1. Quick check on my filter: what residues within segment B:13-43 are part of a loop (DSSP other than H, G, I, E, B) and of a type in the set (Phe, Trp, Tyr)?
2. So which residues in segment A:266-281 are in contact (Cβ under 8 Å) with a residue 40 or more places away in the chain and among the small types (Gly, Ala, Ser), if there are any at all?
3. Could you figure out which of (1) out of contact with any Pro (no Cβ under 9 Å at 6 or more places or on another chain); (2) within 25 Å of B:Ala161 (Cα to Cα) isn't true of B:Ala113?
4. Give segment A:241-265 a look and list any residue that's outside any helix (DSSP H, G or I), more than 10 Å from every other protein chain (Cβ to nearest Cβ) and touching a residue at least 12 places away in the same chain (Cβ under 8 Å), or say none.
5. In segment A:50-103, what count of residues is obtained for those that are in contact (Cβ under 8 Å) with a residue 40 or more places away in the chain and among the aromatic types (Phe, Trp, Tyr)?
6. List the number of the failed condition for B:Phe137; all other conditions in (1) assigned to a helix (DSSP H, G or I); (2) within 7 Å of another protein chain (Cβ to nearest Cβ) hold.
7. Taking segment A:50-75 only, how many residues are modelled with pLDDT of 80 or more, within 31 Å of the chain's Cα centre (by Cα) and not in a helix (DSSP H, G or I)?
Amino acid sequence: MNEDIRPNRLLQALAYLVATGTSLLFLYPYWWMLVSAFRPTRAILSDPLRLWPETLSFRIFSEIGRIGGVELSTYIVNSLLITTLSTALGVIVTALGAYALVRRPKAPGFSLVRYGFLVTIMYPYMLLVIPVYLVMFKLGLLGSYAGIILFLALGPLQFFLFEQFFRKIPNEVIEAAVIDGASEWQILTRVVLPMAAPITATVALITFLLNWAQWFPIMVISRSPDTYTLPVALLSMNSELGTNFQGIMALAVLTTLPVALLFLFAQKRVMEGMAAGAVKG
Amino acid sequence: MTDVLATLSRDRIFYLFVAPFAALTILFGVWPILLSIQVSFTASATALRPNPTYVGLANYAAVLADPIFLASLGRTLLYTLLSVVANLAFALGFAILLDSRLLKRGSLFFRLAIFLPVITPDVAGYVVWRWLYDRSFGALNAFLTLVGLPPFGGLSSVDTAMLAILIAELWHHAGFYMIIFLANLSIRDRALEEAAHIDGATTWQRWRYVILPQLRPALVINSVYALIQFLKTFTVVVVMTKGGPSDQTNFVSYYAYQLFDQARYGEATAMATILFAIVIVLSLTAYRLGDREPGQ
């Protein structure tokens, strides 16, 4: 029995063909980017399809040492600094906020905060950034790292992941701690946070990946390229006249490689976390 | 009154916990949205002054009478529809393939290959695609020429620009919808399929009447997410086309941003409010439709 459930050979070969073909098509842009970063612009023009660079030279990375009058190292440091700090801030603020909203959903004002947040994430993000410019101006944060980091701290996926996790903590666990005379601060630091370590790691990882990719708010809040990150530098280099094609590809590699490696290193956690956070929303 | 005070003191520490979250939400969410709505009722030239001139609905009237905006809105809706369908169809198809018993090995590799673009910074991904499509540098046309096919117009042709950015965006987003379908497929009730099989259901009937109804949650979530995603398409336009050629990819987000750049704040924010309303109405509709029990 079960004849049409048992895979037949031809169908199986076809499935592998489709899956492999599609996967290679999805991966090809990465390979082309990588190879192009090591080939002189002229060589790419004459043979765009070459699968391996003529010579393996890293000189291009020193040639793009300055972009738009700013050292390449500045963009790298900015990317690391802004992404790390906004991730740390976002994780702490979102965890505490989601925890409070889950524990006391009926406290006066709390549902207002929650709705305010939900409306914000429905607003077309790119169009939110524009009035944020005015807000940053009024707060005197324009052109500052603080303004960029504060704006990048909150995100929907992060909030939903924490909210979902805190909702699943059984009431009995918390009640037992209350009966034992624990204060709310003790419940948080000794009962809830130790349980929340894995979800915190997941949220931190995903936030890092998402914030590394940010560009528009950083471009809008910045007053000069001094606070640009790698993606913003890449965009301005791509819009410049006179194409330094090889340089653009080298910068694209620098922008992509760190997060691609981080993702491959922690792929299970990232994919499961993103699916879980989305299912809640 | 004493009740309220008692609640407040017992909950005081929770107000402390929520305070930073609330502050960031208000400062960088609620306030800018209200500011944007307020600006949409003022004359652009006075919008940023302490006492702006209020013009009522004039900006909305101007926007709705602007043929470029109407064309842009139409293209945005068309692009959203095509993208939602293409992305969900691709993601569902690939998820089914990965979930099937046909692929015994290598399933993780395929999954990683499709998901990697999701975490790739969109600017970097779109920059690479922009040059892949390029007529002189691009690998795509070089390949088509090599195998003797006619060249693809890519971003420079009026007929293909929208398709070109749709493909690039599918590359970037589809992996996300795929893992949601995969998560849903993994928690489905396989006993039902066995039962249907024993009852003599064909493969098609099993998919249509047993599996697909169980995928309703993922379909609803993905539709809502994809709608919101593609209605506000922006980055790909900035990187690849700047709205061209001949406004073919000048979607509402990008058009509003251009007006803002020209200091036409009133009209830009009026457009933002209109797009916001469309996002809310469409996603609530999708959610309602999907949430309704079949046959109701």
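1. Matches in segment B:13-43: B:Phe41 only.
2. Scanning segment A:266-281 gives A:Ala266, A:Gly273, A:Ala276, A:Gly277, A:Ala278, A:Gly281.
3. (2)
4. A:Asn244
5. So the count comes out to 3.
6. Going through (1) assigned to a helix (DSSP H, G or I); (2) within 7 Å of another protein chain (Cβ to nearest Cβ) one by one, B:Phe137 breaks only (1).
7. Within segment A:50-75, residues that are modelled with pLDDT of 80 or more, within 31 Å of the chain's Cα centre (by Cα) and not in a helix (DSSP H, G or I) number 5.
Okay, residues lined up against (1) in contact (Cβ under 8 Å) with a residue 12 or more places away in the chain; (2) surrounded by 18 or more Cβ atoms within 10 Å (Cβ to Cβ); (3) of a type in the set (A, V, I, L, M, F, W, C):
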| site | (1), (2), (3) |
| --- | --- |
| B:Ala195 | no, no, yes |
| B:Phe251 | yes, yes, yes |
| B:Tyr254 | yes, yes, no |
| B:Ala286 | yes, yes, yes |
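The values are calculated or read from the model by the stated rules, or taken from the named source; none is laboratory data. Keep in mind that what you see is a predicted model, and the values were worked out from it rather than measured. Here the Cβ is made from the backbone with ideal geometry for all residues, glycine too, and neighbour counts use every protein chain on show.
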